[in-house]
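The values are calculated or read from the model by the stated rules, or taken from the named source; none is laboratory data. Computed from a prediction, not measured in an experiment: that's the story for all the values here. Cβ: placed from backbone, ideal geometry, glycine included. Neighbour counts: every protein chain shown. Please note that ligands, DNA and RNA were not included when accessible areas were found on the heavy atoms of the full protein model with its side chains. Shrake-Rupley method; radii C 1.70, N 1.55, O 1.52, S 1.80 Å.
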Amino acid sequence: MAASVLRSACGPLRLGVPCLCRRRPPRSLWARARRLPGLVGSSRSVAAASGAGALGSDRYCMELLRKRDYEGYLCSLLLPAESRSSAFALRAFNVELAQVKDSVSEKTIGLMRMEFWKKTVDDIYRDNPPQQPVALELWKAVKRHNLTKRWLMKIIDEREKNLDDKAYRNIQELENYAENTQSALLYLTLEILGVKDIHADHAASHIGKAQGIVTCLRATPYHGSRRRVFLPMDICMLHGVSQEDFLRKNQDKNVRDVIYDIASQAHLHLKHARSFHKSVPVKAFPAFLQTVALEDYLKKIQRVDFDIFHPSLQQKNTLLPLSLYIQSWRNRY
């Protein structure tokens with residue numbers, strides 16, 4: 001049944017996204033994939049698990065990811081065992097920063113939290129981390145893999161700039177934001193995997209930009225519910241679409257054209273990333289498993305004719321863990 005559903009999702013695509021399922025993995029693989037941790041939703045909230053003493057700092061990071069970045073959680077589970085805890089720490093750090101904007105009522109408070117993380121990173125590199133679970137795990141990751149401080153600081157700086165509720169002026173501004181957050185996260189993940197390769201870096205740059213664009217699209221209904229629109233203004237103006245059109249959930253063709261143009265840019269970055277496939281060391285492939293989730297979203301939004309508010313786009317793909325496992329098994333991204 002799972003195989004037939006996967007095959008049915010691989011029809012012809014307007015965006016030209018290649019099919020995931022050209023050959024069937026061994027029968028035992030399906031059973032192993034079903035046993036992946038986290039396939040069954042956990043009722044335990046992060047708030048309930050927030051005591052580092054109760055769970056341990058490593059478990060705290062896992063629970064934070066399971067709750068706030070499920071796709072990142074699944075991708076991290078498929079990394080080599082010796083890299084997994086560091087990847088959880090890195091992604092938990094990213095989640096902590098990403099949550100700031102939506103969890104504060106005043107920009108000043110957000111700036112104070114960003115300042116805390118800047119000082120925390122400085123302290124980590126002085127071997128004096130604060131007694132905060134994510135900070136402690138990040139310190140271990142830095143010590144274990146000699147992570148580049150500059151990338152951690154770039155993520156904080158870019159998140160801090162993004163505290164302003166302003167739409168991106170153009171697609172390049174959105175891509176720059178994605179480069180300094182999502183791509184930086186991938187550069188650090190490559191360091192965790194022990195990969196130093198220019199082709200892997202190029203692929204990471206494009207995948208990070210695709211991730212940033214897709215994240216912006218996926219968050220549009222949520223932001224609209226809070227009367228905010230962050231989609232690139234240059235593309236909206238090109239099609240004669242105002243922010244009010246998105247706030248009113250307008251489904252006219254010109255609104256869909258805006259979404260099509262933005263989604264096509266994400267697809268283009270995925271295509272560029274995959275053009276390095278033969279040059280990228282196989283050791284780097286696990287860092288790029290998030291392409292599976294990105295491709296899945298681009299397929300779904302195409303199927304609903306780029307209606308950004310379609311309910312199906314907000315539904316979790318229950319086959320995603322299996323798709324990630326298959327892609328990992330096939331050594332592809």
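So R256 fits all but one of (1) surrounded by fewer than 19 Cβ atoms within 10 Å (Cβ to Cβ); (2) in a helix (DSSP H, G or I); (3) basic (K, R); what number is the exception?
Of the numbered conditions (1) surrounded by fewer than 19 Cβ atoms within 10 Å (Cβ to Cβ); (2) in a helix (DSSP H, G or I); (3) basic (K, R), the odd one out for R256 is (1).
Return the residues of region 277-309 that are open to solvent by less than 50 Å² (accessible area, probe 1.4 Å) and assigned to a loop (DSSP other than H, G, I, E, B); say none if nothing qualifies.
Narrowing region 277-309 to residues open to solvent by less than 50 Å² (accessible area, probe 1.4 Å): 280-281, 284-302, 304, 306-309.
Answer for region 277-309, where residues must be open to solvent by less than 50 Å² (accessible area, probe 1.4 Å) and assigned to a loop (DSSP other than H, G, I, E, B): V280, P281, L289, Q290, V304, F306, D307, I308, F309.
Which of the following residues is closer than 27 Å to T220 by Cα and either open to solvent by 30 Å² or more (accessible area, probe 1.4 Å) or under 17 Å from the mean Cα position of the chain (by Cα) (or both): L174, L163? Spell out how you get there, then give the answer.
Details: L163 fails: either open to solvent by 30 Å² or more (accessible area, probe 1.4 Å) or under 17 Å from the mean Cα position of the chain (by Cα) (or both).
Only one candidate qualifies: L174.
What's the total number of residues in region 121-144 that are surrounded by fewer than 18 Cβ atoms within 10 Å (Cβ to Cβ) and either assigned to a helix (DSSP H, G or I) or β-branched (V, I, T) (or both)? Before the answer, list the steps.
Keep residues of region 121-144 that are surrounded by fewer than 18 Cβ atoms within 10 Å (Cβ to Cβ), which gives 122-123, 125-128, 130-132, 140, 143-144.
Still in the running and either assigned to a helix (DSSP H, G or I) or β-branched (V, I, T) (or both): 122-123, 140, 143-144.
Qualifying residue count, region 121-144: 5.
Hey, does region 227-236 have a residue that's of a type in the set (A, V, I, L, M), surrounded by 15 or more Cβ atoms within 10 Å (Cβ to Cβ), closer than 17 Å to D296 by Cβ and under 22 Å from the mean Cα position of the chain (by Cα)?
Within region 227-236, none of the residues are of a type in the set (A, V, I, L, M), surrounded by 15 or more Cβ atoms within 10 Å (Cβ to Cβ), closer than 17 Å to D296 by Cβ and under 22 Å from the mean Cα position of the chain (by Cα).
Is there a residue being of a type in the set (A, V, I, L, M, F, W, C) and at pLDDT 90 or above anywhere in region 40-61?
Yes, there is a match, as at least one residue in region 40-61 is of a type in the set (A, V, I, L, M, F, W, C) and at pLDDT 90 or above.
Pairs, please: C-beta under 7 Å, at least 6 apart or cross-chain, first residue over 20 Å from P130 (Cβ atoms) and in region 100-117, second part of a helix (DSSP H, G or I)?
K101/G110
Are any residues in region 68-98 more than 14 Å from the chain's Cα centre (by Cα) and not acidic (D, E), and if so, which ones?
L77, L78, L79, P80, A81, S83, R84, S85, S86, A89
Looking only at region 310-333, how many residues end up being free of Cβ contacts under 8 Å to residues at least 60 places away in the same chain and either of a type in the set (S, T, N, Q) or not in a helix (DSSP H, G or I) (or both)?
We begin by selecting, within region 310-333, every residue free of Cβ contacts under 8 Å to residues at least 60 places away in the same chain; these are 310-312, 315, 317-318, 331-332.
Among the residues that remain, those that are also either of a type in the set (S, T, N, Q) or not in a helix (DSSP H, G or I) (or both) are: 310, 312, 315, 317-318, 331-332.
Adding up the residues that qualify gives 7.
Could you tell me whether V195 is assigned to a loop (DSSP other than H, G, I, E, B) and open to solvent by less than 20 Å² (accessible area, probe 1.4 Å)? Before the answer, list the steps.
On the way: assigned to a loop (DSSP other than H, G, I, E, B): yes; open to solvent by less than 20 Å² (accessible area, probe 1.4 Å): yes.
Spelling it out, V195 is indeed assigned to a loop (DSSP other than H, G, I, E, B) and open to solvent by less than 20 Å² (accessible area, probe 1.4 Å).
When you look at L186, is it aliphatic (A, V, I, L, M), within 28 Å of Q243 (Cβ to Cβ) and either in a helix (DSSP H, G or I) or touching a residue at least 24 places away in the same chain (Cβ under 8 Å) (or both), yes or no? Show your work before the answer.
On the way: aliphatic (A, V, I, L, M): yes; within 28 Å of Q243 (Cβ to Cβ): no; either in a helix (DSSP H, G or I) or touching a residue at least 24 places away in the same chain (Cβ under 8 Å) (or both): yes.
No.
Are there any pairs with C-beta distances below 6 angstrom linking a residue in region 151-163 that is farther than 12 Å from A98 by Cα and among the charged types (D, E, K, R) to a residue that is in a helix (DSSP H, G or I) and open to solvent by 30 Å² or more (accessible area, probe 1.4 Å), with the two at least 6 apart or on different chains, and if so which?
The qualifying pairs are K154/N180.
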